[in-house]
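> If you scroll down you'll find the structure; I have some questions about it.
The values are calculated or read from the model by the stated rules, or taken from the named source; none is laboratory data. None of the values given here were measured: they were computed from a predicted structure. Note: ideal-geometry Cβ built from the backbone for every residue, glycine included; neighbour counts use all protein chains shown. Accessible surface is based on the protein model in full, side chains and every heavy atom, while ligands, DNA and RNA are left aside. Shrake-Rupley method; radii C 1.70, N 1.55, O 1.52, S 1.80 Å.
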Amino acid sequence: MSWSVPKRITSILLAILGVTYPVLVYFGLSAFSPRVILVIALFLVILRAAMFAAVRRYDAAGLTLLVALILALAGIASDMVAIQFYPVIVNLTLATVFTVTLFSKAPMIERFARMKTPDLDDYAIGYTRILTKVWIGFFIANAAIASWTALYASLEAWTLYNGLISYLLIATLFVGEWPIRRILRARHDRNIKENT
């Protein structure tokens, strides 16, 4: 078995743990203290950063270490708040990354789009810039709601929102954007034809 297979399996397992984090915290608190869960979470985030560094994705590794640092600093104030603020930290980190790319040659969504279609026309480039801003708004709103659930809601409500509802909202935005993009593109192409 090559070394790449265990790395791939570890990467998949870490991704699954990240997605199921709120549910794992909910059930984990019945058996472990918040401090133990925070230490485990920090270990897994640092392991994820190491996995990124191993494949020379140093920018992703740096961001993941930043998440670990913020989580550790939050833990100084309160273990419980720190573990509940992990989704907030992730959303704000994503919002920051997407925002930074608006000031680069290619916004984040344009980079994703070019993986499938390397040659984008001016309309598509403009659309990806707008869509990047939509995702930034989503991440900020999601972070705000996640913050409220961490500070004021019950653990059950926190788990429900961060472990299910937020993912349903992401899926809705992701899937719902596709038909809107097709409709707007068709309208743009029709206008171009009518004006030529």
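> Thr64: accessible area at probe 1.4 Å, nearest 10 Å²?
Rounded to the nearest 10, the figure is 20 Å².
> Also, I was wondering about something else. If each residue of separation counts as 0.36 nm, what is the full-extension length gain between Arg56 and Ser30 once their alpha-carbon separation is subtracted?
5.5 nm
> Compute the long axis of helix 86-101 from its Cα atoms, compare it with the longest principal axis of the Cα atoms of the chain, and write down the angle in degrees, 0 to 90, nearest 10.
Tilt of helix 86-101: around 30 degrees.
> Taking R0 as 25 Å, what's the FRET efficiency between Val134 and Leu66 from their Cβ-Cβ distance, rounded to 0.05?
0.55
> Heavy-atom accessible area per residue, the chain, 1.4 Å probe: how many Å²?
62
> How far apart, in nanometres, would the label points at Tyr167 and Thr117 be if each is projected 7 angstrom from Cα along the Cα-to-Cβ direction?
Using points 7 Å along Cα→Cβ, the separation is 3.0 nm.
> Something else: Nearest 10 degrees, 0 to 90: what angle lies between the long axis of helix 4-19 and the longest principal axis of the chain (Cα atoms)?
Here the helix axis deviates by roughly 80 degrees.
> Another question, then. Looking at the calculated P(r) for the chain, what percent of the C-alpha pair distances fall above 23 Å?
Tail of P(r) above 23 Å: 53 percent of Cα pairs.
> Hey, what number do you get for the chain at 222 nm if only DSSP H runs of n ≥ 4 count, each worth -39500 (n - 2.57), divided across all residues, to the nearest 500?
Counting only the DSSP helices, I get -27500 deg cm²/dmol.
> Please identify which residues in the range 90-123 have an amide N closer than 19 Å to a label point set 7 Å out from the Cα of Arg185, following the Cα→Cβ vector.
The answer is 107-123.
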